[in-house]
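Enquirer: Attaching a single structure in structure tokens format; questions to follow.
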Amino acid sequence: MSDSEKLDQRIQLVASKEFGQKVDAWRRGQDDLPSRSEAIRRLVYLGLVHEEEFPMRLITAIIRPHKYEAVREALAELGVTGITASQVTGFGRQRGQTEMYRGAEYEVKEIPKVKIEVAVPSTMLETALQAITQTAETGKIGDGKIFVTSLSGAVRIRTGERDEKALI
């Protein structure tokens, strides 16, 4: 960076001790061991680059089957235009459940769930997560999980529209 490109813009940052420790741990892993302020600058830059490269997120939610309609409606109210839903089976911490059938007790190892996949712009991520969480929660073991992954691209097959335009 040349002298003409350097900026002397100071930004005050108030952060927790834990934040400082995480920044310090990250910077110790760098080859050139930057100062704390340089480490924060680099991390902010990396976050901005990540948002440019991955402007969308894929939300995969595993929920109870009877909660699907409510979750679908909550997402539709937010403006989510596409949802993929699949009936799946699996287990989490509860490792199955015991059920009664014609007076006999038997153990079910894998429990039926609904898997929902939704692609959203990163700006809508927190709102969508909150809608799914609040709608699908019963407060009991087995409510499910939500996974979020970065999505580098999307294409609407019919029109060829790409990325966020393909989601609308």
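Nothing in this text is a laboratory measurement; each read-out follows from the coordinates by a stated rule. Quantities reported herein were computed from a predicted structural model and do not represent experimental measurements. Ideal geometry is used to build each Cβ from the backbone, glycine not excepted, and the neighbour counts take in all protein chains shown.
Enquirer: Sequence-distant or interchain residues sharing an amide H contact under 5 Å with residue 113, placed H: which?
Expert: For residue 113, the qualifying residues are 88, 89, 90.
Enquirer: Per residue of the stretch 151-168, in order, report the coupling 6.51 cos²θ - 1.76 cosθ + 1.60 (Karplus, θ = phi - 60°) as ³J(HN,Hα) in whole Hz, putting x for Gly and Pro.
Expert: Per residue, the Karplus-derived 3J(HN,Hα) values read 10, 7, x, 8, 9, 7, 4, 4, 10, x, 4, 10, 6, 4, 5, 6, 7, 7 Hz.
Enquirer: While we're here: In Å, the Kirkwood hydrodynamic radius of the stretch 20-168 over pairs of distinct alpha carbons? It would help to have the intermediate numbers written out before the result.
Expert: On the way: mean 1/r = 0.0545 Å⁻¹.
When all Cα pairs of the stretch 20-168 are included, the Kirkwood radius is 18.4 Å.
Enquirer: Scan around residue 56 for amide H atoms under 5 Å from its own, H built in the peptide plane at 1.01 Å from N, and keep only partners 5 or more places away or cross-chain.
Expert: So residue 56 has HN proximity to 122, 151.
Enquirer: Also: Take the cross-link list 145/165; 67/109; 17/145; 67/115; 109/145; 67/140 and give me the ones stretching past 23 Å between alpha-carbons. Walk me through the intermediate numbers first.
Expert: Working: 145/165 28 Å; 67/109 21 Å; 17/145 30 Å; 67/115 11 Å; 109/145 18 Å; 67/140 13 Å.
Flagged as over cut-off: 145/165; 17/145.
Enquirer: What are the aspartates and glutamates whose alpha-carbon lies under 12 Å from the alpha-carbon of residue 113, with same-chain residues fewer than 8 places away excluded?
Expert: By straight Cα distance, residue 113 reaches 143.
Enquirer: Calculate one ³J(HN,Hα) per residue across the stretch 110-121 by plugging θ = phi - 60° into the Karplus curve 6.51 cos²θ - 1.76 cosθ + 1.60, and present them in order as whole Hz with x for glycine and proline.
Expert: 10, 9, x, 9, 10, 9, 10, 10, 9, 9, 9, x
Enquirer: With each label point set 7 Å from Cα along the Cα-Cβ vector, what nm distance links residue 162 and residue 18?
Expert: 4.0 nm
Enquirer: The stretch 131-153 to the stretch 42-59: how many Å between their Cα centroids?
Expert: About 21 Å separates the Cα centre of the stretch 131-153 from the one of the stretch 42-59.
Enquirer: Whole-Hz ³J(HN,Hα) for each residue in the stretch 29-45, computed from phi via Karplus 6.51 cos²θ - 1.76 cosθ + 1.60 with θ = phi - 60°, x for glycine and proline: what do you get?
Expert: With the stated coefficients, the stretch 29-45 comes to x, 8, 4, 9, 6, x, 5, 4, 5, 5, 4, 5, 4, 5, 5, 5, 4 Hz.
Enquirer: Let me ask you something else. Given only helices, namely DSSP H runs of n ≥ 4 each adding -39500 (n - 2.57), what is the per-residue ellipticity at 222 nm of the chain, to the nearest 500 deg cm²/dmol?
Expert: Values: 5 runs with 57 residues, N = 168.
-10500 deg cm²/dmol, from helical runs alone.
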